[in-house]
Amino acid sequence: LLDTSGKPLVEGLKGCPELVKPNLEELQELLGKNLEKEDELARGLKEIVNSGTQIACLSLGKDGALVFGKEKYFKIRVPRIRVENPVGSGDAMLAGWAYGLLKGFELEKAAIFASACGVSNALQKKTGKVDPSQLEEISRKVKLESKG
């Protein structure tokens, strides 16, 4: 799993990681272009997948994420919450992806679990903390919108 920016992202992609999780700024820097519309973002994620990565997940903070897999593309909508501390939510999301993929979850279930981990982190005062007792409830509130 790869979550980095700049040259390490460029070099890391050469290893064809199973999952890459850039944010918008990192994706734009990687592709060398300004991406604003959702279809432009999707094309950028498709470029990553076509280069050998299995899953490209563009994290969009409170706006959820876009996930592009070899055969599926969908938008993740996370529930609106009262944010305590968003620092570390991207890392919590990546940890959720790692757990879900390790456990053999289907792509959609792994995406929901990963998103729930990111949301749980944002609900905590302490940085980089996920409350496992919240994950089931948050997961029920995460929505996937199929894009193709």
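The values are calculated or read from the model by the stated rules, or taken from the named source; none is laboratory data. A quick note: this is a predicted structure, and the numbers were derived from the prediction, not measured. Because the Cβ atoms are built from the backbone with ideal geometry, glycine has one as well, and the counts that use them run over all protein chains shown. Heads up: the accessible areas ignore ligands, DNA and RNA and are worked out on the full protein's heavy atoms, side chains in. Shrake-Rupley method; radii C 1.70, N 1.55, O 1.52, S 1.80 Å.
Kindly write out, for segment 90-100 in residue order, the coupling ³J(HN,Hα) from the Karplus curve 6.51 cos²θ - 1.76 cosθ + 1.60 (θ = phi - 60°), rounded to whole Hz, with x marking Gly and Pro.
x, 5, 5, 4, 4, 4, x, 4, 4, 4, x
Mind listing the phi-derived Karplus ³J(HN,Hα) values for segment 2-17, rounded to whole Hz, using 6.51, -1.76 and 1.60 with θ = phi - 60°, and x for any glycine or proline?
For segment 2-17, the Karplus curve yields 10, 9, 8, 9, x, 4, x, 5, 4, 5, x, 5, 5, x, 6, x Hz.
Roughly how many percent of the accessible protein surface of the chain is carbon and sulfur, given a 1.4 Å probe and a whole-percent answer?
The C+S portion of the solvent-accessible surface of the chain is 50 percent.
Size of the dipole of segment 1-129 about the Cα centre, Lys and Arg at +1 and Asp and Glu at -1 on the beta carbon, nothing else charged, in debye to 20?
Dipole of segment 1-129, to the nearest 20 debye: 440 debye.
In whole Hz, with x marking every Gly and Pro, tabulate ³J(HN,Hα) for segment 121-131 from phi via Karplus 6.51 cos²θ - 1.76 cosθ + 1.60, θ = phi - 60°.
Once rounded to whole Hz, the list reads 4, 5, 7, 8, 6, 7, 5, x, 10, 10, 9.
Which residue, V119, S89, L58, has the largest displacement toward the positive end of the dipole of the chain when charges sit on each Cβ (Lys, Arg +1; Asp, Glu -1)?
Farthest towards the positive pole: V119.
Using modelled amide H (1.01 Å from N, peptide plane; none on Pro or chain starts), what sits under 5 Å from the amide H of G88, excluding residues fewer than 5 places away?
none
Would you tally the net charge around E38, using a Cβ to Cβ cut-off of less than 13 Å, leaving E38 out, and scoring K and R as +1, D and E as -1?
So the environment of E38 carries a net charge of +1.
Counting only heavy atoms of the protein chains, get the accessible area per residue of the chain (1.4 Å probe) and round it to a whole Å² value.
With all protein chains present, the chain gives 54 Å² per residue.
Quick check on packing: order 29-35, 67-73, 52-58 by the mean number of other C-beta atoms within 10 Å, highest mean leading. Could the numbers behind the result be given before it?
Details: 29-35: 13.0, 67-73: 17.7, 52-58: 21.6.
So the peptides 29-35, 67-73, 52-58, ranked by packing, come out 52-58, 67-73, 29-35.
Using Cα pairs under 8 angstrom and six or more residues apart, how large is the relative contact order of segment 103-148, in percent? Working shown, then result.
Numbers: 29 pairs, mean separation 18.3, N = 46.
Relative contact order of segment 103-148: 40 percent.
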